[in-house]
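S.K.: Sharing a structure, written as structure tokens. Questions coming.
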Amino acid sequence: MEAADAIFGSILSAQQTAEGEHVVRESLDFAWANCGGVPDQPLTTEQLERLKELFVKRSTPWWKHVKGLDEAAARQFALAFIENVLATA
């Protein structure tokens, strides 16, 4: 049983990581495409806030499912995630 857990646990972890990367990428792409930003120009404050809100709205269901969080906690987690991404970009 322990051997099976070790094997399947690592497979599930890898799948969850890949799925998370996909969700983040898709959510960020969606947010960028719909926030009103213009390529090669800085985002306005309003566009940046819209980008964050769109990302949070799009990715929250995944955070709820994977982390087992309620709606409010999942939104906070998603918001903290996108703010961290934007701070390091």
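Here is a yes/no grid of residues against (1) open to solvent by less than 70 Å² (accessible area, probe 1.4 Å); (2) part of a helix (DSSP H, G or I); (3) modelled with pLDDT of 90 or more:
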position: 25; (1), (2), (3): no, yes, yes
position: 29; (1), (2), (3): no, yes, yes
position: 37; (1), (2), (3): yes, no, yes
position: 52; (1), (2), (3): yes, yes, yes
position: 76; (1), (2), (3): no, yes, yes
position: 87; (1), (2), (3): no, yes, yes
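S.K.: May I ask you to list the residues in segment 56-76 that are within 9 Å of the chain's Cα centre (by Cα) and over 17 Å from residue 35 (Cα atoms)?
M.R.: Listed by number, the residues that qualify are 60, 62, 63.
S.K.: Could you list all residues from segment 54-74 that are open to solvent by 80 Å² or more (accessible area, probe 1.4 Å) and touching a Phe, Trp or Tyr at 6+ places or on another chain (Cβ under 7 Å)?
M.R.: Listed by number, the residues that qualify are 58, 67.
S.K.: Still on this structure: Cβ-Cβ under 8 Å, sequence separation 6+ or interchain: first residue in segment 34-46 and touching a residue at least 12 places away in the same chain (Cβ under 8 Å), partner of a type in the set (A, V, I, L, M, F, W, C) and assigned to a loop (DSSP other than H, G, I, E, B). Which pairs?
M.R.: Once the first residue is touching a residue at least 12 places away in the same chain (Cβ under 8 Å) and sits in segment 34-46, its partners that are of a type in the set (A, V, I, L, M, F, W, C) and assigned to a loop (DSSP other than H, G, I, E, B) give 35/43; 37/43.
The values are calculated or read from the model by the stated rules, or taken from the named source; none is laboratory data. Fair warning: this is a prediction, and the values are worked out from it, not measured in the lab. Quick reminder, even Gly has a Cβ in these numbers, built from the backbone with ideal geometry, and neighbours come from all protein chains shown. Side chains included, ligands, DNA and RNA excluded: accessible areas come from the protein's heavy atoms. Shrake-Rupley method; radii C 1.70, N 1.55, O 1.52, S 1.80 Å.
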